[in-house]
Amino acid sequence: MSLRRSLLLPLFLLGFLHAYIGWRILPDLPVGLELRIVGVVFLLLSCALMLFGLMARSIAPRPLSDRLSAAALFTAGFFSSLLVFTLLRDVVLLAAWLSLSAEYLHVLATASALLVVGLTIFATGVGFANARRRARVKRVEIPLRNLPPALNGFSIAQISDIHVGPTIKRGYVDAIVDAVNALDADLIAVTGDLVDGPVQDLAPHTAPLARLSARHGAFFVTGNHEYYSGERAWTAEFKRLGLRVLLNEHVVVRHRGVAVVIAGVTDYSSHHFNAAQRSDPAAAVAGAPSNAAAKILLAHQPRSAAAAATAGFDLQLSGHTHGGQFWPWTLFVRFQQPFTAGLHRLNSLWVYISRGTGYWGPPNRFGSPSEITLLRLVPAGPTDASGALEPVGRVLASEEG
């Protein structure tokens, strides 16, 4: 399929949705003709920029294509919020049309059009600021039954879903590495989706990961975006940087004389790219010592939890969801994953899902802030042995700037 033909559907959809916003919002704004014309021009530019963003990789060298992509992604975040608020406004106006007089309906239409514009600017601005700042540290305690005293306080620093690419570069990664190293964790877990692009383009920007430092090292598992970006090349690059890549396998670390199993699986969807790499928690733990004090699984997607529970793991660390990243998409993750974010329990397995340390696509985190997570193992109390699938609220969640 030619590039021109492949762009016909996106062009139609983007054009239609921008026209819908213009039709529903611009006539009701209490402004003169000149500002309405400005609004039309803005919507045309937004549509064109988003379309050029889709073509950036094929029409420009890397530095220019990154700038085009960055501008298009910011615009896409603004457009997404504008579209959602416009749709919600129309639902309200439809209900009002059934119950209000024409005079009151006109007042509501004018006020709500202004509100849509104001809310979009606010949500985009706050979301952009949250996305571009360095992720804050979130502290979580994981209560494990029969935890030996030697492992009380064993700490894991988790980062996930950084998505180095058009808008996330070396400086962003440097700040994350500095913050993680400052936590002085016993172990670092990197749960996938580090990159969005090929090694030859992004290696200079992932280079700071070589500075990650912890007593027992830094461990990495693949996410779906590693497969989109060339998993074999990235696996080799991450190994070169000093990360221990776990592909359906485990290692045993000894902490104060006690054995801890650290296992990792390939992404839940990896078999679609490489049949030999089908995600398999049982294979990852095969041959592990039965007397290990804790068995911890790194799995990019929360959907691995059912198999991880069956395989006998105590704790699974995941990412992938971004917690929905920005409203209203925060409401829809639960339809694709068993958990959205935070600490949960499946039978005897604890599952912690990071909201991500970077972002994907639009630089927008409205209602779902990024995080660097510091998890500590602690002894469980007598009431922590309940089974069943349920969210858990006993989480320490102090955040630092």
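The values are calculated or read from the model by the stated rules, or taken from the named source; none is laboratory data. Please read all numbers here as calculations on a predicted model, not as lab measurements. Cβ coordinates were reconstructed from backbone atoms using ideal geometry, including for glycine residues, and neighbour counts include every protein chain displayed. When the accessible area is computed, the model is the full protein with side chains, heavy atoms only, and any ligands, DNA or RNA have been set aside. Shrake-Rupley method; radii C 1.70, N 1.55, O 1.52, S 1.80 Å.
Which aspartates and glutamates, if any, have their Cα less than 15 Å from the Cα of residue 138, not counting same-chain residues under 8 positions apart?
Residue 138 reaches 184, 371, 399, 400.
To the nearest 10 Å², what's residue 196's accessible area with a 1.4 Å probe?
40
At 7 Å along Cα-to-Cβ for each site, give me the label-to-label distance between residue 291 and residue 13 in nm.
Output for this residue pair reads 5.7 nm.
Tell me, in nm to one decimal, what length is gained between residue 100 and residue 126 on full extension, where the rule is 0.36 nm per residue of separation less the Cα-Cα distance? Let's see the in-between values first.
Working: separation 26, 0.36 × 26 = 9.36 nm, distance 3.41 nm.
Extra length available between residue 100 and residue 126 comes to 5.9 nm.
Give a quick list of chymotrypsin sites (Phe, Trp or Tyr not before Pro) in the range 305-337 that DSSP marks as loop, anything other than H, G, I, E or B, with at most 13 other Cβ atoms within 10 Å. Before the final figure, lay out the partial values.
Working: sites: 313, 326, 329, 332, 335; in loops: 313, 332.
Loop-located and lightly packed - 332.
Once Lys and Arg get +1 and Asp and Glu get -1 on their Cβ, which of 25, 358, 338 lies farthest toward the positive end of the dipole of the chain?
358
Between the alpha-carbon centers of the range 231-289 and the range 302-336, tell me the distance in whole angstrom.
A separation of 18 Å, based on Cα centres.
Contact order normalised by length for the range 6-156, with contacts defined as Cα pairs under 8 Å and 6 or more residues apart; what percent is it?
On the way: 79 pairs, mean separation 33.7, N = 151.
After rounding, I find 22 percent.
Multiply the residue gap between residue 233 and residue 275 by 0.36 nm, knock off their C-alpha separation, and tell me the result in nm, one decimal place.
13.4 nm
In terms of Cα to Cα distance under 26 Å, which lysines are near enough to residue 239, apart from those fewer than 8 places away along the same chain?
Cross-link targets: 169, 295.
Only helices at least 15 Å long along their axis, Cα-based, and averaging -0.5 or more on Kyte-Doolittle count here, so list those DSSP H runs from the chain.
On the way: long enough: 8-25 (25 Å, 1.49); 33-59 (38 Å, 1.95); 62-97 (51 Å, 1.13); 102-132 (45 Å, 1.24); 170-182 (18 Å, 0.45).
What comes out of the filter, once short or polar helices are dropped, is 8-25, 33-59, 62-97, 102-132, 170-182.
Accessible area of the chain with a 1.4 Å probe: how many percent of it is carbon plus sulfur?
Details: 11470 of 17930 Å².
On the chain, the fraction of accessible area on carbon and sulfur atoms equals 64 percent.
How much area per residue is accessible in the chain when the probe is 1.4 Å and only protein heavy atoms are counted (Å²)? Provide the component values of the computation, followed by the final result.
Values: 17930 Å² over 401 residues.
Roughly 45 Å² per residue, with all protein chains present.
7 Å from Cα along Cα→Cβ at both residue 150 and residue 45: what's the point-to-point distance in nm?
6.4
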